[in-house]
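The values are calculated or read from the model by the stated rules, or taken from the named source; none is laboratory data. Keep in mind that what you see is a predicted model, and the values were worked out from it rather than measured. Here Cβ is always computed from backbone atoms with ideal geometry, including for glycine, and neighbour counts include all displayed protein chains.
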Amino acid sequence: MQSSTVTLVFAAAVLLSLAAKFWLATRQMRHVAAHSHQVPSAFAGTVTLQAHRRAAQYTLAKGRFGLLATAFGTLVLLGWTLLGGLDLLNQALLDSVQARFGNMAYQLALLVAFALIGSLLELPLELYSTFRIEQRFGFNRITPKLFAIDLLKNTVVGALIGLPLAALVLWLMGAAGSLWWLWAWGAWMAFNLVLLVLYPTVIAPWFNKFEPLADAALAERVQSLMRRCGFAAKGLFVMDGSRRSAHANAYFTGLGASKRVVFFDTLLQRLSPSEVEAVLAHELGHFSHRHVLKRMVGIFGFSLLALALLGWLSTQAPFYAGLGVAPNLEAPNDALALLLFMLALPPFAFFVSPLMAHFSRRHEFEADAYACAQASGQDLANALLKLHEDNASTLTPDPVYVRFYYSHPPASERLAALALQTR
């Protein structure tokens, strides 16, 4: 393997993925705009033309912004790699940190500096998305003060969780021999499982308020559904999602005995009790079909392959030079290898995303079918229509864009399948 080959392969992946993203995004915007003047016949009696046009405008606004964000992200990626940004940062920290505080401090400083610079570069895009696009369409409810508080909390949580994990992985890379990646994979799996247990009770309450579901009739209805489905949860909670957004949702979180059901307050305000039950039955369908377990196994399998690949690449000098970085001669290259791999992987993984989206959409259809068996398919259809309208989701997405990106089937496909289930 030569460094020039690495450079050419990486550059080709970046350019091809960028071209594909632009092609897909422009297809989506053209398709949505062309169908924005008339409500699809399947929704003519339930969705107003005003709501349909609002959804199209929201999709177009996000699409145009997405093109800008994609172009900017590509420039940042090239800046870090082929244009030498990561190499400059590495050399600066070698001179200022490694000689004075040692190898581990230098490597952690490199990871932290990279993360902070990356976050600062992305901050203007996040601010524009939140306070311009989401605000324009009435979804944003977060104040600048709460945004800043969330940013600070995320930084603190990221440091408390990320730094020990990073230190462990770096130590394994230096101490566990050629199979360090296998030990790191084990640590990664254990970390994720512990996080699933701790997130509902330790981390999530730091950002939102969770109160027990006060509606006794709805609580009994939900508990009756869970008993029918053989599902046990530690509690039913309402989250103050309306503090930040008008979007609505419901989800299960936790692992084992820590599992809990969480409803956004916006969801309870919008849906009837029978519709809430149907939405929850859909979520229970994911557990019944073991979709969550299958996704976890898939993620763990992919991470094992990725770490094995990194284990090999980290020993290849052309991997560093081909991506714009001079490998260290007097210090470990482990942090550099982690960062370069993290930067180089997404352009290649992009072309696998349609396969992952396909399985996700199939899981959604299976969960819908389960909901029809355990609750009312008509109530689920009504809930989906309300949520699509409230979230300004377009009813006329481009079919190719859907196959590439959508983790959930379009409303037209889901409602058609539900209609067959409820006959």
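Key figures for this structure:
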read-out	value
Odd one out for Trp188, checked against (1) over 30 Å from Ile133 (Cα atoms); (2) without any contact (Cβ under 8 Å) to a residue 40 or more places away in the chain; (3) not hydroxyl-bearing (Ser, Thr, Tyr)	(2)
Test: residue in region 49-63 that is touching a residue at least 24 places away in the same chain (Cβ under 8 Å), of a type in the set (A, V, I, L, M, F, W, C) and more than 30 Å from Lys386 (Cβ to Cβ)	no
Which listed residue is of a type in the set (Val, Ile, Thr), modelled with pLDDT of 85 or more, more than 30 Å from Glu275 (Cβ to Cβ) and assigned to a helix (DSSP H, G or I), from Val197, Val169	Val169
Members of region 101-142 that are over 23 Å from the mean Cα position of the chain (by Cα) and either on the phi > 0 side of the Ramachandran plot or not in a helix (DSSP H, G or I) (or both)	Gly102
Qualifying residue in region 233-240 (condition: in contact (Cβ under 8 Å) with a residue 60 or more places away in the chain and closer than 24 Å to Glu389 by Cα)	no
Qualifying residue in region 31-43 (condition: surrounded by fewer than 16 Cβ atoms within 10 Å (Cβ to Cβ), under 20 Å from Phe404 (Cβ atoms) and out of contact with any Gly (no Cβ under 9 Å at 6 or more places or on another chain))	yes
Residue match in region 402-414 (condition: of a type in the set (Ser, Thr, Tyr), in contact with a helix residue (DSSP H, G or I) (Cβ under 6 Å, 6 or more places away or on another chain), within 30 Å of Leu60 (Cβ to Cβ) and crowded, with 20+ Cβ neighbours inside 10 Å)	no
Residues of region 182-241 that turn out to be buried (at least 16 other Cβ atoms within 10 Å of the Cβ) and of a type in the set (Lys, Arg), as a count	1
Sole residue being touching a residue at least 40 places away in the same chain (Cβ under 8 Å), out of contact with any Ser or Thr (no Cβ under 8 Å at 6 or more places or on another chain), closer than 26 Å to Ala12 by Cβ and not hydroxyl-bearing (Ser, Thr, Tyr), chosen from Leu305, Leu310	Leu310
Residue within region 62-73 that is closer than 30 Å to Pro164 by Cβ and at pLDDT 95 or above present	yes
Residues that are within 26 Å of Pro273 (Cα to Cα), in a helix (DSSP H, G or I) and without any contact (Cβ under 8 Å) to a residue 40 or more places away in the chain, drawn from region 200-217	Pro205, Ala216
Qualifying residues in region 84-137 (those that are touching a residue at least 12 places away in the same chain (Cβ under 8 Å) and among the charged types (D, E, K, R)) - the one surrounded by the fewest Cβ atoms within 10 Å (Cβ to Cβ)	Arg136
